[in-house]
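Q: Handing you a structure now.
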Amino acid sequence: MITSYSSKLGRKPAKRLSLVRNLVTSLVLYESIRTTKNRAKAIQPVLDRMITKAKTRPPHIAVRYLNRVVTDDNASRKIFEVLIERFKSRNSGYSSIKPLGRRKGDGAELVQISLVSDKPNSETNK
């Protein structure tokens, strides 16, 4: 499950686990979220691991793993119905992090983490 982090995110283990689970669930459901740089870097490997396991494992085993991580049934359903098809040709790198600047109140670095779209580049070059 979610055991190792490069950063503790300033929280105790139970709160950190809850934060990561909620952020990953929101990212799967909305496909793009705005958060701090440290939080985005903490959830990126968790999301990659989830999608890879959903693609490579048998469905009855993968759904158990996904339901331990995501907090909403619609999120695990979306991974199986939408995201596996979208990332069929991709082995990793399912999300991208784009910097947005600094937050006014405390100066934290804000980023937008979003799922990568696997559309051909020929549409964008027209």
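The values are calculated or read from the model by the stated rules, or taken from the named source; none is laboratory data. Worth saying up front: this structure is predicted, and the values here are computed from it rather than measured. Every residue, glycine as well, gets a Cβ built from its backbone with ideal geometry; the counts of neighbours run over all protein chains shown.
Q: Which pairs have Cβ atoms under 9 Å, sit 6 or more apart or on different chains, and link a residue in region 11-24 that is touching a residue at least 12 places away in the same chain (Cβ under 8 Å) and of a type in the set (Lys, Arg) to one that is assigned to a helix (DSSP H, G or I) and crowded, with 17+ Cβ neighbours inside 10 Å?
A: Within 9 Å, the pairs are Arg21/Val46; Arg21/Val69.
Q: Please tell me if Arg64 is over 17 Å from Ile113 (Cα atoms) and either surrounded by 13 or more Cβ atoms within 10 Å (Cβ to Cβ) or not charged (D, E, K, R) (or both).
A: Judged against the criteria, Arg64 is not a match.
Q: Taking region 78-111 as the region of interest, how many residues are within 21 Å of Leu29 (Cα to Cα) and of a type in the set (Lys, Arg)?
A: 5
Q: May I pose another question? Scan region 57-102 residue by residue and report those that are in contact (Cβ under 8 Å) with a residue 40 or more places away in the chain and either part of a loop (DSSP other than H, G, I, E, B) or among the aliphatic types (A, V, I, L, M) (or both).
A: Val69, Val70, Thr71, Asp72, Ala75, Ile79, Leu83, Ser92, Gly93, Tyr94, Ile97, Leu100
Q: Out of the residues in region 101-122 meeting the condition of being exposed (fewer than 14 other Cβ atoms within 10 Å of the Cβ) and closer than 14 Å to Ser32 by Cβ, tell me which one is modelled with the lowest pLDDT.
A: Top of the filtered list is Ser117.
Q: Consider region 20-39. How many of its residues are farther than 16 Å from Asp72 by Cα and in contact with a strand residue (DSSP E or B) (Cβ under 7 Å, 6 or more places away or on another chain)?
A: Counting residues in region 20-39 that are farther than 16 Å from Asp72 by Cα and in contact with a strand residue (DSSP E or B) (Cβ under 7 Å, 6 or more places away or on another chain) gives 6.
Q: Against the conditions (1) in a helix (DSSP H, G or I); (2) among the hydroxyl-bearing types (Ser, Thr, Tyr); (3) buried (at least 17 other Cβ atoms within 10 Å of the Cβ), where does Thr35 fall short? Just the number, please.
A: (1)
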